[in-house]
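The values are calculated or read from the model by the stated rules, or taken from the named source; none is laboratory data. For clarity, every value in this text was computed on a predicted model and none was experimentally measured. So basically every Cβ, Gly included, is an ideal-geometry build from the backbone, and we count neighbours across all protein chains shown.
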Amino acid sequence: MRHFKLTGIALCCLIATACSTETTDSNDVKTEAIWSDIYVTTNGNDSRVIAELNVSSRNGNNLNLVQGDKLFVTVNNTSKDMEKDADFFDIDYRATLPTYAEDTLYEVKLYRSEDKVTLKSSVTLPQAIDILAPQAEQTFPVDEILDLRWIKAGSPADDETLKITISSECKNGDEEISSSHILSDVEDDGKKSIDFEALELFKNEKLNSNYDCTVNFEFERRRYGSTDSRYAAGSRTYAISHTTLDNINITLK
């Protein structure tokens, strides 16, 4: 079977409703027609605040803030303007901050200059994820249960979730075979047993003991916040603490 990759734009062309490459200036859009996806992400070193604004929905035109409209974030009584980040087919607004402590409050505000109104959405950071076991570079047979251990959430919010993404990579000379599996809504009790055979990460018929295989684990603890009701329906605000456990060696039979 031939494998190929599509660029983001090609995917948009194939799936017309998946994303938009068009841009609309904010002075042409009513406040209630602005859809927002606002999130804070941290890996325990700093935090990044990212806001995507579209017209009406996730699939609407990208919103370009003009004529005094602006986004800014307030943390610990200090405000910082969010700067536009535009790639080939997308616009979002970003700010990097030195804060990353659990329960830190982030208020992300959109100021509309013509109406002189400010929309405020807010969220607090979930607890950082500290992995206890295994350690990077450890080796496990593919048919052995691997026990993940981490420090469980002390006081998780009602709308807080934990996701673990497992990705595998096997190499034999120039040949490489990769796979992935997502564990959604994992119970955040500090332990999870991983059965590689049940997950079928290594079920490719080409794989054998000649391949050197590794797995990586990405943990994502997500907490939802409050979104200003004046944004369009479906808007959301959330924060993510994430960490990775890389290079766990898996021996095949």
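The residue that is surrounded by the most Cβ atoms within 10 Å (Cβ to Cβ), counting only those in the stretch 46-70 that are polar (S, T, N, Q), in contact with an Asp or Glu (Cβ under 9 Å, 6 or more places away or on another chain) and part of a strand (DSSP E or B), is 54. Scanning the stretch 85-135 for residues that are among the small types (Gly, Ala, Ser) and at pLDDT 95 or above yields 95, 101, 113, 121, 122, 128, 133.
Return yes when residue 81 is more than 22 Å from residue 242 (Cβ to Cβ) and outside the structural domain of residue 159 (by TED's automatic domain parsing) and no when it is not. Walk me through how you get there before you give the answer.
Values: more than 22 Å from residue 242 (Cβ to Cβ): yes; outside the structural domain of residue 159 (by TED's automatic domain parsing): yes.
When the stated conditions are applied, residue 81 passes them.
Residues are listed down the side, and each one gets a yes or a no for (1) touching a helix residue (DSSP H, G or I) at 6+ places or on another chain (Cβ under 8 Å); (2) buried (at least 16 other Cβ atoms within 10 Å of the Cβ); (3) under 30 Å from residue 66 (Cβ atoms):
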residue	(1), (2), (3)
82	no, yes, yes
86	no, no, yes
91	no, yes, yes
98	no, no, yes
103	no, no, no
135	no, no, no
141	no, no, no
150	no, yes, no
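Confirm whether residue 137 is acidic (Asp, Glu), farther than 23 Å from residue 155 by Cβ and in the same structural domain as residue 192 (by TED's automatic domain parsing). It is true that residue 137 is acidic (Asp, Glu), farther than 23 Å from residue 155 by Cβ and in the same structural domain as residue 192 (by TED's automatic domain parsing).
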